[in-house]
Structures are given as C-alpha cells and as structure tokens.
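Here the structure is laid out as structure tokens; the discussion comes afterwards.
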Amino acid sequence: MTLVIYLLGWLILIGSVSWALVAMHVSQHTIMIVDVILLDIAVITGATRAQPRPVIRPSSERRAHPPSACWRRADRLRTARAY
C-alpha cells in the first residue's frame, strides 16, 4: 500500500469525523483541533509504515559478482587442482 493511498484513507476518515461533529453542533474551533490532531496522527503513522526506497549504488561501487559466487569459484579451482 502506498503512502498516498494510506493518507487518502485518513483524509476520508477525518472528513467523516468532521461531518459527524458538525451534525452534533460542536463548535468549529473544536472541530479544527480534532482535525489537526487526526492529521498529525495520519502523517506520523504513514511515515513509519512507508517502505524506504531502495538505495541505488553508483556504477563504480557495484561488484561484478556477489561475494558468494567468488568463494564458490575459488573452491572449484582448489578442488580441480587437488585432483
């Protein structure tokens, strides 16, 4: 689930809570305070649940083969020389 869809769901929730508070004749000042608190909770939880983007290394730092492949190749050379 992307961050945008997550925050969109929170905005729908905040809108419905605000509408319910207006229907109950709560003051606008109180409604705005509740909206800001819910929006803060949405941003904080969205930031903690969002997946970080993968780090792309520059081409100078990339290896041709993973280390495990190098070790396997060295083992094959050692066993070939032993026979």
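I need the full set of residues from the stretch 25-46 which are assigned to a loop (DSSP other than H, G, I, E, B) and among the polar types (S, T, N, Q), in order please.
Answer for the stretch 25-46, where residues must be assigned to a loop (DSSP other than H, G, I, E, B) and among the polar types (S, T, N, Q): just SER27.
Does the stretch 10-24 contain any residue that is of a type outside the set (Phe, Trp, Tyr), in a loop (DSSP other than H, G, I, E, B) and at pLDDT 95 or above?
Scanning the stretch 10-24, I find at least one residue that is of a type outside the set (Phe, Trp, Tyr), in a loop (DSSP other than H, G, I, E, B) and at pLDDT 95 or above, so the answer is yes.
Pull out all pairs, ordered by first then second residue, where Cβ-Cβ is under 9 Å, the residues are six or more apart or on different chains, the first lies in the stretch 40-66 and is more than 11 Å from TYR6 (Cβ to Cβ) and at pLDDT below 85, and the second is part of a helix (DSSP H, G or I) and of a type in the set (Lys, Arg).
HIS65/ARG73
The values are calculated or read from the model by the stated rules, or taken from the named source; none is laboratory data. Model, not experiment: these values are computed from the prediction. Note: ideal-geometry Cβ built from the backbone for every residue, glycine included; neighbour counts use all protein chains shown.
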